[in-house]
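Beneath this line is the structure, given in structure tokens, with notes to follow.
The values are calculated or read from the model by the stated rules, or taken from the named source; none is laboratory data. Note that this is a predicted model, so its numbers are computed, not measured. Neighbour counts are summed over all protein chains in view; Cβ atoms, including those assigned to glycine, are modelled from backbone coordinates with ideal geometry.
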Number of protein chains: 2
Amino acid sequence: MTFINENFLKLSETYLFVEIGRRVEAYCKTHPEAAIVRCGIGDVTEPLPDACIKAMHKAVDEMAARETFRGYGPEAGYEFLRHAIAEGDFRQRGIEIADDEIFISDGSKCDCANFLDILGAGNRILMPDPVYPVYADTNIMAGNAISFSQATAENGFVPAPPDAPADLIYLCFPNNPTGAVATKEQLAAWVAYAHRHDAIILFDAAYESFVRTPDLPKSIYEIPDALDCAVEMRSFSKSGGFTGLRCGYCVVPKAVKGRKQSGGEKSLHALWSRRQSTKFNGVAYIVQRAAEALYSDEGRAQVAALTGFYLENARLLADALTRAGRSFVGGVDAPYLWVKGNKGMTSWDMFAHLLEQAGIVATPGSGFGAKGEGYFRLSAFNIRENIEEACRRLAAISLEKL
Amino acid sequence: MTFINENFLKLSETYLFVEIGRRVEAYCKTHPEAAIVRCGIGDVTEPLPDACIKAMHKAVDEMAARETFRGYGPEAGYEFLRHAIAEGDFRQRGIEIADDEIFISDGSKCDCANFLDILGAGNRILMPDPVYPVYADTNIMAGNAISFSQATAENGFVPAPPDAPADLIYLCFPNNPTGAVATKEQLAAWVAYAHRHDAIILFDAAYESFVRTPDLPKSIYEIPDALDCAVEMRSFSKSGGFTGLRCGYCVVPKAVKGRKQSGGEKSLHALWSRRQSTKFNGVAYIVQRAAEALYSDEGRAQVAALTGFYLENARLLADALTRAGRSFVGGVDAPYLWVKGNKGMTSWDMFAHLLEQAGIVATPGSGFGAKGEGYFRLSAFNIRENIEEACRRLAAISLEKL
């Protein structure tokens with residue numbers, strides 16, 4: 001008799017974006033004429049930067065010759081990439097991260113999900129509401145109890161630390177789904193809270209490449225005290241358009257420690273190394289070469305252009321919402337807009353209304369948590385033509401119904 | 001206070017192949033003149049099949065144009081690949097596996113490790129000894145109790161099912177590390193055992209492409225009764241030389257069920273879908289196109305040539321060992337040779353002896369479990385020149401010391 005992990009039965013049957021896909025597909029089947037504009041899932045549409053394309057063709061050719069062929073790579077990633085990251089994203093910006101504190105992965109979704117493997121049962125989990133569903137779902141799978149800090153219009157969607165203690169804290173800025181960005185002072189308050197309770201922060205910086213406003217932090221390590229209490233996750237999905245390539249990384253400073261029940265400390269770096277070398281086999285060599293190319297001068301310029309393009313999309317959507325008299329946040333320093341609906345409609349009602357009346361796919365706010373109810377998220381990841389069409393449709397439909 | 005998963009503290013400090021790498025590196029530092037022949041880790045050396053190279057160049061070009069760019073793919077894999085696999089590896093061979101019972105992954109190591117996520121605590125785990133260390137390590141991480149069925153010279157390294165019941169059974173044929181291959185009758189005995197105890201078999205067929213002897217099973221599903229009790233894991237690492245590309249797949253038939261503590265059943269297919277869509281984001285599009293190319297006529301011929309090349313390596317090593325009077329198994333229908341040492345030397349002694357006397361890296365048998373003590377594993381994955389050199393050195397060194 002093989003027993004299942006019954007925590008899975010506490011989850012909704014399907015993952016949010018799978019459910020959205022299912023509903024859109026069902027609608028398209030009955031409305032084959034509908035010209036759908038997808039502003040739901042945050043998926044990039046622009047081609048990969050040319051620097052990556054060239055790097056990958058070269059790497060593919062290397063795999064075609066015995067002299068340059070690469071088999072198993074180091075589980076934590078090739079040194080050429082770990083070094084480029086530690087140098088380019090941290091040390092050049094005054095943050096002391098060593099190459100071997102960078103762990104290359106196939107994406108932030110996997111990292112934030114898998115990180116729970118090295119943590120014990122009984123940790124008090126604290127995350128914002130609304131929140132990226134993977135944080136919550138993976139903790140439910142692990143049987144952990146979750147508390148939520150509420151991100152509301154009142155606090156500008158950046159909650160302050162609560163009085164009650166926690167052991168593991170999830171933060172994500174620029175935020176998914178709200179697009180809110182924490183200031184250094186706000187992050188510093190969280191770092192102080194973590195130190196006060198001997199807690200660890202999992203900081204999701206997947207959208208840092210969209211920050212343009214000076215002085216807004218792109219990394220939790222801009223708060224110097226964070227180096228012994230925070231793990232940072234980053235992704236090339238949105239900076240380099242790697243959603244279909246699968247590469248990201250996790251920063252685990254050696255100074256970050258967890259506790260044994262008996263009281264002793266253990267470096268999370270050692271545990272994560274053991275986890276990754278046992279349960280993971282590294283990222284494709286050709287993909288790591290593509291990621292490395294993002295750190296060349298050419299690559300950096302192309303990333304800036306790519307993220308700038310989506311930020312301009314966000315600006316266009318923001319303008320359209322403003323003209324339509326909608327209340328929203330985000331869309332500046334972030335690729336998401338978090339739009340308030342009128343009272344009386346649930347988020348899934350709004351989803352259906354936008355789909356049926358305007359052919360726009362949005363993400364229902366309630367899919368991100370109870371506090372998301374009454375909101376919907378628009379993603380700026382799209383081709384310009386579709387964004388412009390979405391803006392026209394947002395102006396045309398009966399928005400007072402939303 | 002963030003508590004760690006203390007099960008990790010029960011593991012050896014490093015994963016086996018990381019430890020071997022560390023010792024070889026240390027030796028090379030003190031013996032820079034040593035010309036090392038690596039027959040330790042089973043890593044491929046030959047370039048990728050030309051069909052894959054062409055498919056990847058084409059896919060990279062698709063990623064360079066907006067019209068053909070691919071972002072997030074389906075978490076379980078693209079339909080073109082799931083279909084090619086279900087058709088080519090199963091249905092054409094008379095085994096009824098549906099496309100959506102195939103889950104594309106970044107490798108068998110990850111699949112066999114991650115599968116424990118959907119299973120509960122308290123399952124009785126049964127695996128062979130010696131065994132691929134990932135099965136054991138991941139169960140230790142999960143806090144599971146493990147029993148071992150001993151693979152010995154007496155049973156031809158294919159243990160028969162025990163009398164005592166189990167809930168989850170790991171089998172791997174052609175076997176890593178011994179190279180033994182189970183017959184259909186032997187597999188049928190395990191399937192009958194699984195049914196008797198309402199257990200699930202995790203069947204690791206990562207080396208099936210090396211089977212040449214007619215009638216030896218390449219899939220557990222050649223035992224018809226296995227379709228409701230077995231999950232099969234396969235990899236392109238050794239068939240297509242994908243160790244550096246990272247792609248494999250897991251077959252989860254919808255009929256395979258786990259139990260709730262309260263007695264009800266739940267399809268593992270639904271749980272695995274939920275796990276993968278939440279904690280995984282699919283395999284790079286370009287890598288999936290490379291895997292698809294293995295199923296073309298050209299690709300099939302190239303896989304046959306590639307695996308044939310390593311099998312010839314295995315034959316050369318087997319001949320050298322035979323000439324040297326060594327007792328061993330494997331090397332036929334499998335890329336590994338499992339060599340018995342002389343009494344009085346531990347496996348790590350043999351490892352040091354081979355490294356220092358012959359510059360050959362082997363894998364110490366004890367790294368695969370207690371019953372591996374007194375053996376070492378030789379891998380046939382190497383360029384021909386190195387295999388021939390290894391054969392010469394095996395003839396020259398004082399093998400009676402082993």
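B:Glu232 fulfils the conditions (1) touching a residue at least 40 places away in the same chain (Cβ under 8 Å); (2) more than 14 Å from chain A (Cβ to nearest Cβ); (3) under 17 Å from B:Asp111 (Cα atoms); (4) of a type in the set (D, E, K, R) except for a single criterion, (1).
Checking each residue of the range B:149-162 against the condition of being in the same structural domain as B:Val287 (by TED's automatic domain parsing), more than 24 Å from B:Pro217 (Cβ to Cβ), hydrophobic (A, V, I, L, M, F, W, C) and at pLDDT 95 or above gives no match. Of all residues in the range B:321-348, those satisfying the criterion of being out of contact with any Lys or Arg (no Cβ under 8 Å at 6 or more places or on another chain) and under 16 Å from B:Leu394 (Cα atoms) are B:Leu321, B:Thr322, B:Arg323, B:Ala324, B:Gly325, B:Gly341. Here are B:Ala304, B:Ala291: which of them is without any contact (Cβ under 8 Å) to a residue 12 or more places away in the chain, within 24 Å of B:Ser239 (Cβ to Cβ) and touching a helix residue (DSSP H, G or I) at 6+ places or on another chain (Cβ under 9 Å)? None of the other options fit; the residue is B:Ala304.
From the list A:Ala55, A:Ala64, A:Ala84, pick out the single residue that is within 13 Å of chain B (Cβ to nearest Cβ) and crowded, with 19+ Cβ neighbours inside 10 Å.
Values: A:Ala64 fails: crowded, with 19+ Cβ neighbours inside 10 Å; A:Ala84 fails: within 13 Å of chain B (Cβ to nearest Cβ).
Result of the check over A:Ala55, A:Ala64, A:Ala84: A:Ala55.
Could you tell me which of the residues B:Leu355, B:Leu378, B:Leu306 is touching a Pro at 6+ places or on another chain (Cβ under 8 Å) and either β-branched (Val, Ile, Thr) or surrounded by 15 or more Cβ atoms within 10 Å (Cβ to Cβ) (or both)?
The match here is B:Leu306.
In the range A:263-285, which residues are under 24 Å from the mean Cα position of the chain (by Cα) and more than 9 Å from chain B (Cβ to nearest Cβ)? A:His269, A:Trp272, A:Gln276 - these are the residues of the range A:263-285 that are under 24 Å from the mean Cα position of the chain (by Cα) and more than 9 Å from chain B (Cβ to nearest Cβ).
The strands (runs of 3 or more DSSP E) found entirely in the range A:206-264 that carry 2 or more residues being over 20 Å from A:Val131 (Cβ atoms) and assigned by TED's automatic domain parsing to the domain that holds A:Asp99 are A:248-251, A:257-259. Looking across B:Glu25, B:Glu13, one residue alone is of a type in the set (D, E, K, R), modelled with pLDDT under 95, assigned by TED's automatic domain parsing to the domain that holds B:His353 and not in a helix (DSSP H, G or I). It is B:Glu13. Close Cβ contacts (under 7 Å, 6 or more residues apart or on different chains) running from residues in the range A:81-94 that are farther than 16 Å from A:Ser235 by Cβ to residues that are buried (at least 19 other Cβ atoms within 10 Å of the Cβ) and aliphatic (A, V, I, L, M) comprise A:Ala86/A:Ile97; A:Ala86/A:Ile102; A:Arg91/A:Ile97.
With respect to the stated conditions, B:Glu75 fails to be among the charged types (D, E, K, R), more than 9 Å from every other protein chain (Cβ to nearest Cβ) and more than 20 Å from the chain's Cα centre (by Cα). Checking each residue in the range A:145-161 for being farther than 14 Å from A:Lys371 by Cβ and exposed (fewer than 15 other Cβ atoms within 10 Å of the Cβ) picks out A:Ala145, A:Ala160. Scanning the range B:1-18 for residues that are surrounded by 16 or more Cβ atoms within 10 Å (Cβ to Cβ) and more than 9 Å from chain A (Cβ to nearest Cβ) yields one hit, B:Leu16.
For A:Gly365, state whether it is touching a Lys or Arg at 6+ places or on another chain (Cβ under 7 Å), crowded, with 16+ Cβ neighbours inside 10 Å and on the phi > 0 side of the Ramachandran plot.
Numbers: touching a Lys or Arg at 6+ places or on another chain (Cβ under 7 Å): yes; crowded, with 16+ Cβ neighbours inside 10 Å: yes; on the phi > 0 side of the Ramachandran plot: no.
In short, no.
Report yes if A:Lys260 is over 25 Å from A:Glu208 (Cβ atoms), facing chain B (nearest Cβ under 8 Å) and without any contact (Cβ under 8 Å) to a residue 60 or more places away in the chain, otherwise no. In short, yes.
Quick check on this structure: which one of B:Gly71, B:Gly77 is touching a residue at least 24 places away in the same chain (Cβ under 8 Å), assigned to a loop (DSSP other than H, G, I, E, B), of a type outside the set (Asp, Glu) and buried (at least 19 other Cβ atoms within 10 Å of the Cβ)?
Details: B:Gly71 fails: touching a residue at least 24 places away in the same chain (Cβ under 8 Å).
Exactly one of B:Gly71, B:Gly77 is touching a residue at least 24 places away in the same chain (Cβ under 8 Å), assigned to a loop (DSSP other than H, G, I, E, B), of a type outside the set (Asp, Glu) and buried (at least 19 other Cβ atoms within 10 Å of the Cβ), namely B:Gly77.
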